[in-house]
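Structure first, then comments.
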Amino acid sequence: MSALGVSSRYVTPEFKEAPLAALADIMGLKRFSSEILSRPEVYGPILSGISTFRHLPPDQQSKVQCSIVTQTPGFMVAPLRTLISDQSVQHLWYMWSLSDDELKEFYRFSKRTAEITDQYDAIDIPSPTASGTRRCGLYCCN
């Protein structure tokens, strides 16, 4: 299958019509949409920089950080910098920040975990009987 065919399954209409708004939404910044959309030339590079932050060389990471501080109003600094700092704590919190290899590994891990845990239910609740209770056969329950 061609790359175009694969990507067309995952690119939503929102991303085609308003990519910056869609990116802000998946990054949890929807409440700031009016600010972000009013200055796409500023927020486009910043949001792109945040989404790729962990994969950037240190000098480019510094540029992203500086852009946040110098080009955005004060109320935007904390939410944007939080997205960066959260990635350093746990990179799996934000699926949008994962590289292709990390995303594939996360998928394999999740699939394997589901296969293992699907074999048994650790919290197996006994099914009710017609009387509403179920005897387990132990002395204390008789």
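Within region 84-104, track down each residue that is part of a loop (DSSP other than H, G, I, E, B) and either in contact with a Lys or Arg (Cβ under 6 Å, 6 or more places away or on another chain) or touching a residue at least 24 places away in the same chain (Cβ under 8 Å) (or both). Tyr94, Ser99, listed by residue number.
Total residues in region 30-66 satisfying the condition of being farther than 21 Å from Ala18 by Cα and either among the β-branched types (Val, Ile, Thr) or in contact with a Lys or Arg (Cβ under 9 Å, 6 or more places away or on another chain) (or both): the figure is 4. Within region 105-119, residues that are in contact (Cβ under 8 Å) with a residue 40 or more places away in the chain and closer than 19 Å to His91 by Cβ reach no partner that is part of a helix (DSSP H, G or I) and not basic (Lys, Arg) with beta carbons closer than 9 Å at six or more positions or on different chains. Residues in region 67-102 that are surrounded by 12 or more Cβ atoms within 10 Å (Cβ to Cβ), more than 16 Å from Leu23 (Cβ to Cβ) and among the small types (Gly, Ala, Ser): Ser99 only. Based on this model, can you work out whether Gly44 counts as of a type in the set (Gly, Ala, Ser), modelled with pLDDT of 90 or more and either assigned to a loop (DSSP other than H, G, I, E, B) or touching a Cys at 6+ places or on another chain (Cβ under 8 Å) (or both)? No.
The values are calculated or read from the model by the stated rules, or taken from the named source; none is laboratory data. Predicted model, so just to flag it, every value in this text is computed and none were measured. In this analysis, Cβ positions are derived from the backbone assuming ideal geometry, glycine residues included, and neighbour counts consider all displayed protein chains.
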